[in-house]
Every structure is written in C-alpha cells, then in structure tokens.
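Novice: Got a structure for you, questions after.
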Amino acid sequence: MAVRRPDYHMHLENYALDRDSLLRMVEAAVAAGVDEIAVTEHAHNFVQCRNIYPPDNDWVHGRDRPDRRNWDLETYLRLLEAARSEGLRVKVAIEWDYCPGYEGRLEKWIRSYPWDLVLGGVHWLPGRDGGWWGFDIPEQRAEWERRDVDRVYGDYFRLLCEAASTGLFDVLAHPDVVKVFGHRPRQDPGGWYEQAAEAMARAGVCAEVNTAGWRKPVGELYPAPAFLEALHRHGVPIVISSDAHWAEHVGFGFPEAERAAYSAGYRTRCVFDARQRLEVPLNGPGQE
C-alpha cells in the first residue's frame, strides 16, 4: 500500500476564488508528491464570518486593511465541492482564529457546513490599549519591541490551551507560531510545551507540523523539536502541512518534516474525511 502524503493547510488569498487558482494548488501538489490537499482559507476573508470576530479587531474588519478580501463563503464551498465531483482529491476545510468569548457562535457556525476538517489557530492577543494585536502579521511586528516576550509567550500558550479545550477544532495549526519573528523568551519554554501537549491530549485534537516556519524569520519548523517530542509523549496525533500561500510552497519541506516527526517518535500521521480522523503510516527514512 502506498504511503499517504496529504497537505492539509493552504490558502487561495494571493490568487482568486476560482477554479484556475485551485488547479494551481492541485497541480503543485502532484508535482510535490502530495496525494491530497485541504484548502483552509482564513475565515476572516469571508463576509459571512466576520460577526464571529470581536468588533474591535480593526485588521479583520478592514479598518487597518482596505485591501482585505470580501469573499462569499457559499462560492468557496461550491468551488471545493465541484473539484471533488471532478475526482480531484480536495478536502473542504477552513482556518479559524480562536477568539475567546465567541465559542458559542463559532460552534453553531461550524455545525452549519459540511467540513472535512477545521483548523484552529491563535493569531491574536489583546492590544495594550484595547483592540487586538496580530503578533504574526509583518505590518504589526513593531509592537514586539514594546512587549515583554515572556509575557507574550505565556499569553499565547494560555490561549492555545483554551483553543484546544473548546473541542471546536480538528487540528491546531502552527502550535508555536508565536516564535515567528525569532523572539525567544528568557525562561525555558518546556513548561508551556507540556501544558499545551496535555491540553491537546485531553481534548483529542490533532497538532499540526507546519513547514512554514522554515520560510519565516525564525527559520524553524512549527513546532520546535522539544515541543514535538512533548506532543508525542502525550499521544497527540499529527498532520504535516505546508501552510502554502503560493502554489510553489505546496508540500514544501515535507521530507524534512517527516524525518523530524519520525525522530520525535511518530510513526503515523492523520487524514480526515467529514471530520473523522484516521491514522495512516508516516513516511520513514528512505521513503521520501
């Protein structure tokens, strides 16, 4: 039996919401040896989703971003379903930002659509003077210089654990994305890794091994090796994904990420269908 190699995290937002853009991703996947993809567009790109974000998030609501996408969710779903009807191995998925206090609305919304998987991520921390800080957004990077890095890490991992505990998400994306620009805490992050791994294990949520970190200033896989080992110790299953925003990044770094997961102790990765998870063999040494 052939070893499966899905890529369950990518975006169309740098292209268009149309068949040609989706085919770019599909063709790139084939070229990279990826046998199945999930398009996981950011929920804030859809007009139907914005009422599940805090009203004082200026970036999401376009007050700091006049060029934002104003896509229609139904068009997105029809696009993905049409691809599947053609026989393309495309999953129907989305990436949600975890926003404390909006869990009830989000749960109702998620249940209203036929997802194969739902990614959850922490991208926002409270602003110092109200509002929200997108700590991984390049345009908001300067705010790091006004923050205590250890406190940022603590706040981030607290929200990551909360996101896991909601039970709303199938996969927690880029679980230590807080390091994106290379800021490192003074204290050993091992305690945060353990807390997050325990929370994910209790919730039965999957962790994402995300190769985008190798394309960012930090230059490191998400999650860090010690975090990946903690996830394995606690029995947290994984997916491996590229977080591609451009077609050339589909399947990026997969052989290296598979080796990292194997070194941490993993022998399986997950595939999804209709939000049901199945573990399949992980590519081992010599199977790249």
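The values are calculated or read from the model by the stated rules, or taken from the named source; none is laboratory data. Just so we're clear, the structure is a prediction, and the values are computed from it rather than from any experiment. When we count neighbours, we look across all protein chains shown, and the Cβ atoms used for this are built from the backbone with ideal geometry, even at glycine.
Novice: Within region 77-99, restricting attention to residues that are farther than 18 Å from Met10 by Cβ and touching a strand residue (DSSP E or B) at 6+ places or on another chain (Cβ under 9 Å), which residue is modelled with the lowest pLDDT?
Specialist: Checked region 77-99; the qualifying residue modelled with the lowest pLDDT is Cys99.
Novice: Taking Gly134 as the residue in question, decide whether it is closer than 30 Å to Arg277 by Cα and not hydrophobic (A, V, I, L, M, F, W, C).
Specialist: no
Novice: Filter region 103-131 down to residues that are of a type outside the set (Gly, Ala, Ser), farther than 28 Å from Val92 by Cβ and touching an Asp or Glu at 6+ places or on another chain (Cβ under 9 Å), then give me how many there are. Outline the logic, then answer.
Specialist: Our first condition is that a residue be of a type outside the set (Gly, Ala, Ser); within region 103-131, this holds for 103, 105-111, 113-119, 122-126, 128-129.
If we keep only those that are farther than 28 Å from Val92 by Cβ as well, we get 125-126, 128-129.
Remaining after also requiring touching an Asp or Glu at 6+ places or on another chain (Cβ under 9 Å): 125-126, 128.
Going through region 103-131 one residue at a time, the tally reaches 3.
Novice: Any residue that is assigned to a strand (DSSP E or B) and farther than 15 Å from Ala173 by Cβ - is there at least one of those in region 131-144?
Specialist: Within region 131-144, one or more residues are assigned to a strand (DSSP E or B) and farther than 15 Å from Ala173 by Cβ.
Novice: Just name the residue that is nearest to Gly134 (Cα to Cα) out of those in region 166-198 that are of a type in the set (Gly, Ala, Ser) and either in contact with a Ser or Thr (Cβ under 6 Å, 6 or more places away or on another chain) or surrounded by fewer than 16 Cβ atoms within 10 Å (Cβ to Cβ) (or both). Reasoning before the result, please.
Specialist: Residues of region 166-198 that are of a type in the set (Gly, Ala, Ser), as a first pass: 167, 173, 182, 190-191, 196-197.
Add one more test, that the residue is either in contact with a Ser or Thr (Cβ under 6 Å, 6 or more places away or on another chain) or surrounded by fewer than 16 Cβ atoms within 10 Å (Cβ to Cβ) (or both), and what stays is 167, 182, 190-191.
On the way: Gly167: 23, Gly182: 15, Gly190: 24, Gly191: 24 Å.
Checking each candidate, the answer is Gly182.
Novice: Does Leu119 satisfy being assigned to a strand (DSSP E or B) and touching a residue at least 24 places away in the same chain (Cβ under 8 Å)?
Specialist: Taking the combined requirement at face value, the residue satisfies it.
Novice: Could you figure out which of (1) in contact with a Lys or Arg (Cβ under 9 Å, 6 or more places away or on another chain); (2) among the aliphatic types (A, V, I, L, M); (3) closer than 26 Å to Gly204 by Cα isn't true of Ala244?
Specialist: (1)
Novice: Hey, does region 89-109 have a residue that's closer than 20 Å to Leu17 by Cβ, of a type outside the set (Gly, Ala, Ser) and assigned to a loop (DSSP other than H, G, I, E, B)?
Specialist: Yes, that holds for at least one residue.
Novice: Only one of (1) closer than 22 Å to Leu172 by Cα; (2) basic (Lys, Arg); (3) crowded, with 16+ Cβ neighbours inside 10 Å is not met by Arg151, so which one is it?
Specialist: Tallying (1) closer than 22 Å to Leu172 by Cα; (2) basic (Lys, Arg); (3) crowded, with 16+ Cβ neighbours inside 10 Å, Arg151 fails exactly one: (3).
Novice: Mind checking which residues of region 71-85 are touching a helix residue (DSSP H, G or I) at 6+ places or on another chain (Cβ under 9 Å), surrounded by fewer than 16 Cβ atoms within 10 Å (Cβ to Cβ) and under 22 Å from Val30 (Cα atoms)?
Specialist: Ala82 - this is the single residue of region 71-85 that is touching a helix residue (DSSP H, G or I) at 6+ places or on another chain (Cβ under 9 Å), surrounded by fewer than 16 Cβ atoms within 10 Å (Cβ to Cβ) and under 22 Å from Val30 (Cα atoms).
Novice: Hey, another quick one. Going by the conditions given, is Asp67 modelled with pLDDT under 95, outside any helix (DSSP H, G or I) and under 23 Å from Tyr156 (Cα atoms)?
Specialist: no
Novice: Tally the residues that are among the aromatic types (Phe, Trp, Tyr) and under 23 Å from Arg5 (Cα atoms), restricting the search to region 88-117.
Specialist: The total comes to 1.
Novice: Keeping to region 206-262, report how many residues are of a type in the set (Val, Ile, Thr) and surrounded by fewer than 23 Cβ atoms within 10 Å (Cβ to Cβ). Break it down stepwise before answering.
Specialist: Start the filter on region 206-262 by keeping residues that are of a type in the set (Val, Ile, Thr), which leaves 209, 211, 218, 236, 238-240, 250.
This time we only want the ones that are surrounded by fewer than 23 Cβ atoms within 10 Å (Cβ to Cβ), so: 218.
Qualifying residue count for the region: 1.
Novice: Check whether at least one residue in region 26-47 is free of Cβ contacts under 8 Å to residues at least 24 places away in the same chain, surrounded by 16 or more Cβ atoms within 10 Å (Cβ to Cβ) and out of contact with any Lys or Arg (no Cβ under 9 Å at 6 or more places or on another chain), and report yes or no.
Specialist: The answer is no; no qualifying residue exists.
Novice: Asp97 - would you say it is touching a residue at least 60 places away in the same chain (Cβ under 8 Å) and charged (D, E, K, R)?
Specialist: Values: touching a residue at least 60 places away in the same chain (Cβ under 8 Å): no; charged (D, E, K, R): yes.
Here the answer is no, as Asp97 does not meet what is asked.
Novice: Across region 128-138, what is the number of residues that are in contact (Cβ under 8 Å) with a residue 40 or more places away in the chain and exposed (fewer than 11 other Cβ atoms within 10 Å of the Cβ)?
Specialist: Kept after step one, since they are in contact (Cβ under 8 Å) with a residue 40 or more places away in the chain, are these residues of region 128-138: 130-132, 134-137.
Still in the list and also exposed (fewer than 11 other Cβ atoms within 10 Å of the Cβ): 130.
Qualifying residue count for the region: 1.
Novice: Are there any pairs, at least 6 apart or on different chains, whose C-beta atoms fall under 6 Å, with the first in region 150-179 and among the acidic types (Asp, Glu) and the second assigned to a helix (DSSP H, G or I), and if so, which?
Specialist: Asp176/Phe227
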